[in-house]
Structures are given as structure tokens and as C-alpha cells.
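The values are calculated or read from the model by the stated rules, or taken from the named source; none is laboratory data. What you are looking at is a predicted structure, and each value in this text was computed from that prediction instead of being measured. Using ideal geometry, Cβ is built from the backbone for each residue, glycine included, and neighbour counts are taken over all protein chains shown.
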Amino acid sequence: MFWGKLEGSPGIGLRSKEYAHNRIGFCKKGSLCGRKGMVRKMNYVTLGRTGLQVNKNGFGALPVQRVSMDEAKKLLRKAYENGIRFFDTARAYSDSEEKIGEALQDVWDRIVITTKTMSTTVDGFWKDLETSLTLLKTDYIDIYQFHNPSFCPVPEDGSGLYEAMAEAKKQGKIRFIGITNHRAPVAKEAVQSGLYDTLQFPFSYLAGKPDLELVRLCRNRNVGFIAMKALSGGLIRRSDAAYAYLNQFDNVLPIWGIQRESELDEFLYYQDNIPCMTEELEGFIRQEREDLSGDFCRGCGYCLPCPARIDIPTCARMSLLLRRAPSERFLSQDGQEKMKRIEDCVHCNHCVSHCPYQLNTPELLQKNLEDYRTFL
């Protein structure tokens, strides 16, 4: 198994199937993988003690908020009809929950649905939960997750959040309790607490040693590991390489943010033609880590607040956002004003000292600003 040392960062693009075949080798369902000498079938993963088993293609539904209702329904339905059974959304993803509800309301008993709340109050928690249930057109949610909290909610911490989650489970409105996070210390605390059934955390072949240790910890504690940002927010350009790497971890479920049918088709193709790790691919990934080290903002928000009022998680990823998402809002007058604030950086190094990934954030911001101006 190629675990290796990993570090950081750029882009996404779709390759042709011919290119993928030439570069890394595929394992047909039920066939022998030449390098490993093992029979390969469509891969499934069990999410820890939940016992929930799905194939290793999760549908990340954040991007469907950027397409029309009809387009979203078509994507979601096609995913379901071709074997995808895990769908992840959030209250914060505007109309994503509504689109899932419209597309999949008749197959709830055959899929796993997860959503999230960012609320920091008990009243807000219940409001978010009831809204999600209504929009998803269901009376329960399989995994309900705290959405990237700055701390790990536990009983009697004064917030009342975990007690609310436990009560929702008691009432049958949720089946399992999960947490998502970008902060390794918070994630580790959640896993070690024994209070959470699943953890959703950034994980890809650009991950670091602490991330690998977190995957192992989840395995040891029987906590389901859901890998968000499996394409590193658009930094990874070869989805076949991303798939092959994550496929080595039998306790990891990657979720792929899907906005276009061509993206969906690519990941559906891998279900029957599983990319497998080769020596050539190991070398490619090593080179990627060397080339991209230090250039990947994960959007965790640890750097905030910025005294210059710079929206660092957005501005430090602007080059990616312009190429991955619809660019109009980023190039609007408001978007230009946000990027211009980078010029007000006082180099206090608050962001540098608080970045869990040891990025040179001011330098990264300046590079993004220079690239941004080429779009104006």
C-alpha cells in the first residue's frame, strides 16, 4: 500500500479514457489487477460502527446549488440509477437539499443521506434540522453532522449542541451522529471522544502525515471516515490518480463534488474500471507533492479574523474558484473589492501562525491577486 509522506497543492480537469488507460491501468470488475494480483470488484466501504455500506463513490452535492433544478435532478437521478447510494449535502448549501428532495424522495429507503448544521445554538440546531427534513422530503436523516465547528461539541460543554443531537436521535429524526471539520485537533478530539459515528475531513493524495494518522485512528476506533475535498478543492487535475490513491484505504469513503454530467460519467466509469495504483502512478504522486507543496489553501478558516478584513479562505483560493466555479460573482464589483483588500495586508503573520498546514498565506494571497487581475 502506498501511504507515503504527503504535503500539498494545484487544479481539476477531465482526461480522456485513453489517456487514463495509458497512464495507470484499470481493474475491470471481477478481473485480476496485474500489479497486486488480486480479484477486483466494485468496491464497497462500511462506515465504521454505523454498519452503513455503500460503494466507494459518494456524491458531494455542494456544486448542484450552482445548476438549475432540472439539471440537478437529472444528475442526482443518473447517479442513483447507476449505483451511487451516498449523498452528502448541508443546510448551508442554499438549495442543494431541496434539489435532492425533489430528485430522490421516492428512493429514501435505498440510499444514505447526510446533511449538516452550522448552528451554534440549540434553537438554531432544531430550526436547521426541521428545515432539512422538510426540504429533503423525509422524516429522518441517516447521518446528521455538525458542520465544521470551531470546537468539538460534547455533553455538558455549555453549548447544549450535543444534547440536542442526542435528543434528535432519540426522537428518530436522525440515525447517526457525525461531525465535519478542517481542523485536525478538533477532528482528533471528536474521534477519541467516542461520541461520533462518522468524521468528514479533507483527504487526498496531497494530505499530510497528521491526516493519515487520523484515518488510522478512525479505523481503530470504528468511526466512519468520509473524505471531503478528495480532489483538493480542484487542485488535483487527474481524478483517476485521486481515485486510485483513496481506493487503497478500505475504511475511507470519498465524496466527489459533482456539477456536470461529464464529471459524473467519469466517476461512474471507475465503478466498473477501477483505477489501481502502479509504480508509475506512485512516482507521479510524489512529483505532484513536490511541485505543489505549500500552495494549497484548504479553506479551514483558522486564519480568521484578519485585521485587514481579508476573506482569506476565499481570496487564497481565487485562482481555483475562477476556473472551477461560475466566475461571474467573483469578478463582480463586490468580488473585486474583496480581492483589493489583499493590498491592505499588514503582514502581521496572524494567518501564518494559525495555519495548521504551515502555508505562507500572505505570499499565496499575493499570487492569487496577481492571477485575478489577468481575468479583469
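When you go through 240, 157, 197, 211 one by one, which is the residue that is more than 30 Å from residue 278 (Cβ to Cβ), of a type in the set (Asp, Glu) and touching a Leu at 6+ places or on another chain (Cβ under 9 Å)? Give the derivation first.
Details: 240 fails: more than 30 Å from residue 278 (Cβ to Cβ); 157 fails: touching a Leu at 6+ places or on another chain (Cβ under 9 Å); 211 fails: more than 30 Å from residue 278 (Cβ to Cβ).
Answer to the selection: 197.
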Test residue 33 against the criterion of being of a type in the set (A, V, I, L, M, F, W, C), out of contact with any Ser or Thr (no Cβ under 9 Å at 6 or more places or on another chain) and either over 13 Å from residue 243 (Cα atoms) or modelled with pLDDT of 95 or more (or both), and give yes or no.
yes
Starting from segment 244-270, keep only residues that are small (Gly, Ala, Ser), then list their pairs with residues that are surrounded by fewer than 18 Cβ atoms within 10 Å (Cβ to Cβ) whose Cβ atoms are within a distance under 8 Å, requiring at least 6 positions of separation or different chains.
262/14
Considering every residue within segment 363-374, establish whether at least one is part of a loop (DSSP other than H, G, I, E, B) and surrounded by 13 or more Cβ atoms within 10 Å (Cβ to Cβ).
no
Would you confirm, using the coordinates I've provided, whether residue 221 is surrounded by fewer than 18 Cβ atoms within 10 Å (Cβ to Cβ), over 29 Å from residue 99 (Cβ atoms) and of a type in the set (Lys, Arg)?
yes
Return a yes/no flag: does segment 137-150 have any residue that is surrounded by fewer than 18 Cβ atoms within 10 Å (Cβ to Cβ), among the acidic types (Asp, Glu) and either part of a helix (DSSP H, G or I) or touching a Pro at 6+ places or on another chain (Cβ under 8 Å) (or both).
no
Mind checking which pairs have a first residue in segment 71-97 that is touching a residue at least 12 places away in the same chain (Cβ under 8 Å) and β-branched (Val, Ile, Thr) and a second that is assigned to a strand (DSSP E or B) and surrounded by fewer than 23 Cβ atoms within 10 Å (Cβ to Cβ), Cβ under 9 Å, 6 or more apart or different chains?
84/54; 84/55
Going by the structure shown, is residue 132 assigned to a loop (DSSP other than H, G, I, E, B), more than 27 Å from residue 44 (Cα to Cα) and among the small types (Gly, Ala, Ser)?
no
Considering only segment 175-215, state which residues are aliphatic (A, V, I, L, M) and either more than 21 Å from the chain's Cα centre (by Cα) or assigned to a loop (DSSP other than H, G, I, E, B) (or both).
195, 206, 207
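I want to confirm something. Restricting to segment 342-362 and keeping residues that are in a loop (DSSP other than H, G, I, E, B) and among the hydrophobic types (A, V, I, L, M, F, W, C), which single residue is surrounded by the fewest Cβ atoms within 10 Å (Cβ to Cβ)? Lay out the reasoning, then the answer.
Within segment 342-362, the first condition is being in a loop (DSSP other than H, G, I, E, B), and the residues that meet it are 345-349, 355-360.
Next cut, among the hydrophobic types (A, V, I, L, M, F, W, C) only: 345-346, 348, 355, 359.
Working: 345: 18, 346: 10, 348: 12, 355: 20, 359: 23.
Across segment 342-362, the extreme among qualifying residues is 346.
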Kindly provide the set of residues from segment 93-129 that are more than 17 Å from the chain's Cα centre (by Cα), β-branched (Val, Ile, Thr) and under 18 Å from residue 62 (Cβ atoms), ordered by number.
100, 111
More than 19 Å from residue 176 (Cα to Cα) and either modelled with pLDDT of 95 or more or among the charged types (D, E, K, R) (or both), is that true of residue 98?
yes
Test: residue in segment 166-189 that is modelled with pLDDT of 95 or more, more than 20 Å from residue 222 (Cα to Cα), of a type in the set (Phe, Trp, Tyr) and surrounded by 20 or more Cβ atoms within 10 Å (Cβ to Cβ):
no
Collect the residues in segment 57-92 that are under 16 Å from the mean Cα position of the chain (by Cα) and surrounded by fewer than 22 Cβ atoms within 10 Å (Cβ to Cβ), keeping them in residue-number order.
62, 63, 65, 91, 92
